[in-house]
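The next block holds one structure in the form of structure tokens; read it before the comments.
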Amino acid sequence: MNYITAFFMAWGNFITLPCPLKRWNSELKNLMLAFLPAVGAVIGVLWMVLFGLLRLSKLPASICSIAMVFFIFAICGFMHMDGYMDCMDAILSRRPLEDRQRILKDSNVGAFAVVTLVFLVLAWYASASVAFLYSDCISFLLIPVVSRSVSGACVLSYKPIGHSQYVKDYEQPDRGKYFAVILIQMAVIIGIAAASLFFTSGTFPVGTGVRLANMAILIAVMTVTGYIACAYARKQLGGMSGDIAGYTICFSELAGIITLAVTQYYTFMLVMPA
């Protein structure tokens, strides 16, 4: 029963869609974070559906790409983008640690946040424009799952900043068991995605082996990028926080959409007749 409660707690906190079962237990916050991969799966399935509908609509790729980019940020209420902006303001200020932590908590938007947000959205749009043309829908399931798995694992692993909402939860014993929950979800979702490649092998011009390799590259690049981004932000800001979790998701997903665009583009070029 705790697992069901924790899943819907995660849904209510991290997805803007109405939660079908509203429950809350403050003692299950760590378990709630362990269900971030499942939240990512919900987002990924909806993103896949949107991708399919846009493909059927025959609208220009530029318009479809805007819709794809808007969805991935809007479905979580722009929460992770907000964390990205807060971290960028603090980190790029290059001030002493105490000042960086103060900027991190400041609700005002600084110039560094605005400038880096522009580049984030431009990179997303450019990559999504390519990915929309050359990708199948399965990869859009994995991107939000992997990014949230990395972010959830980081929040559960690393000591939070003193003002972070995760301070009390970090002190709870037996936190290691929640990693098993994350790993099981990851294994199940990736297994389903990999199996679906075999079932859809006749609908894509590239062999299943190549598609599996591209999937493995996507997962690896997102995971490594997410952990590097989190490590850098923690070093600059003195610990883990919800903003850094959002920052981690943004960088991991950006790496994912760029990797998807590059791998799928070159894969498509390889199978096209000269």
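Residues of segment 31-65 that are crowded, with 16+ Cβ neighbours inside 10 Å and of a type in the set (V, I, T): V39, V42, I43. Exactly one residue out of L46, L50, L56 is modelled with pLDDT under 95, among the hydrophobic types (A, V, I, L, M, F, W, C) and farther than 17 Å from A261 by Cα, and it is L56. Residues in segment 100-114 that are in a helix (DSSP H, G or I), within 20 Å of I249 (Cβ to Cβ) and open to solvent by 70 Å² or more (accessible area, probe 1.4 Å): 3 in all. Do we find that V121 is in a helix (DSSP H, G or I), in contact (Cβ under 8 Å) with a residue 40 or more places away in the chain and closer than 20 Å to E27 by Cα in this structure? So V121 does not fit the description; no. Scanning segment 121-139 for residues being of a type in the set (S, T, Y), more than 9 Å from S65 (Cα to Cα) and open to solvent by 20 Å² or more (accessible area, probe 1.4 Å) gives a total of 1.
Any idea which of D106, D174, D136 is in contact with a Ser or Thr (Cβ under 9 Å, 6 or more places away or on another chain), among the acidic types (D, E) and at pLDDT below 90? I'd like the intermediate steps shown before the answer.
Numbers: D106 fails: in contact with a Ser or Thr (Cβ under 9 Å, 6 or more places away or on another chain); D174 fails: in contact with a Ser or Thr (Cβ under 9 Å, 6 or more places away or on another chain).
After ruling out the rest, the residue left standing is D136.
Beta carbons closer than 9 Å, at least 6 apart along the sequence or on distinct chains, pair a first residue in segment 1-27 that is open to solvent by 50 Å² or more (accessible area, probe 1.4 Å) with a second that is among the acidic types (D, E) for N2/E27. T200 - would you say it is at pLDDT 95 or above and open to solvent by 20 Å² or more (accessible area, probe 1.4 Å)? No: the conditions fail for T200.
Yes or no, residue by residue, for (1) surrounded by 19 or more Cβ atoms within 10 Å (Cβ to Cβ); (2) closer than 16 Å to C76 by Cα; (3) in contact with a Phe, Trp or Tyr (Cβ under 9 Å, 6 or more places away or on another chain):
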residue	(1), (2), (3)
Q236	no, no, no
S241	yes, no, yes
G246	yes, yes, yes
I249	yes, yes, yes
E253	yes, yes, yes
I257	yes, no, yes
Q264	yes, no, yes
F268	no, no, yes
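Being modelled with pLDDT of 95 or more and either within 25 Å of A128 (Cβ to Cβ) or open to solvent by 20 Å² or more (accessible area, probe 1.4 Å) (or both) holds for only one residue in I219, I190, and it is I219. Just one of the listed residues (V167, V118) is touching a strand residue (DSSP E or B) at 6+ places or on another chain (Cβ under 6 Å), of a type in the set (A, V, I, L, M), surrounded by fewer than 16 Cβ atoms within 10 Å (Cβ to Cβ) and farther than 18 Å from A193 by Cα, namely V167. The residue list G83, G52, G77, G12 contains one member that is small (G, A, S), out of contact with any Pro (no Cβ under 8 Å at 6 or more places or on another chain) and part of a loop (DSSP other than H, G, I, E, B), which is G77.
The values are calculated or read from the model by the stated rules, or taken from the named source; none is laboratory data. Worth saying up front: this structure is predicted, and the values here are computed from it rather than measured. When we count neighbours, we look across all protein chains shown, and the Cβ atoms used for this are built from the backbone with ideal geometry, even at glycine. To get the accessible areas, we keep the full protein, side chains included, count just its heavy atoms, and leave off ligands, DNA and RNA. Shrake-Rupley method; radii C 1.70, N 1.55, O 1.52, S 1.80 Å.
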